[in-house]
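Computed from the coordinates by the stated procedures, all read-outs in this text should not be read as laboratory data. All figures in this text were calculated on a predicted structure; none of them were measured in a lab. Positions of Cβ are backbone-derived with ideal geometry, glycine not excepted, and every protein chain shown enters the neighbour counts.
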Amino acid sequence: MTVVVQWVRTTWTKRSRGEPGASRRNALPMGFRLPDDEAPFVHGVVMREQDDFKVWEGTQAGLPGEVTVTRGRERLESGVEITPVEGAIRVRLTVTPYGMPQRPNRARAVRLAPDEWVRWQINYRYPSHWGEDWVYRLDTLNLFHGSPERDVFLGEPTYDVRELASLF
């Protein structure tokens, strides 16, 4: 089983909630070209308001870069369960337990056949430690089952899951 994962994490404060900040933030990419590395790997991308939404990629992005295998399942530190199922994989995104809002009714797992991919977005709100009222975060998981072309995540996904809650 070959899996290629790209995590895109965007963080902001109330300064980017209204205009013109929200339009700029909403125009940020949801997928990026993959590095030259051989699959399987995890490609991390971070864009933060505090850096004027500069793109940080790879290890400098501060996202996990390893997949661990436990009892036939692969689990990324960042909350993705990947389970092989009859030539396909079952992908389930878990949530950050300390992010708000609470999510009692979650999206179902997605089954990916070879050469299919999912884009899964989920958002959070956290109390700030930097003097702001709240810090907001949008995580985008792009996950491909197989060996993709480098620009696969620039196109349209096979499945698009959006768990975007009101963050007021």
One quarter of the C-alpha convex hull surface, i.e. the mean projected area of the stretch 1-43 in nm², amounts to 3.8
In the neighbourhood of W120 defined by beta carbon distances under 9 Å, the net charge of the other residues (Lys, Arg +1; Asp, Glu -1) is -1
If amide H atoms are modeled at 1.01 Å from N in the peptide plane, then the residues at a separation of 5 or more from V80, or on another chain, having amide H under 5 Å from its own are T94
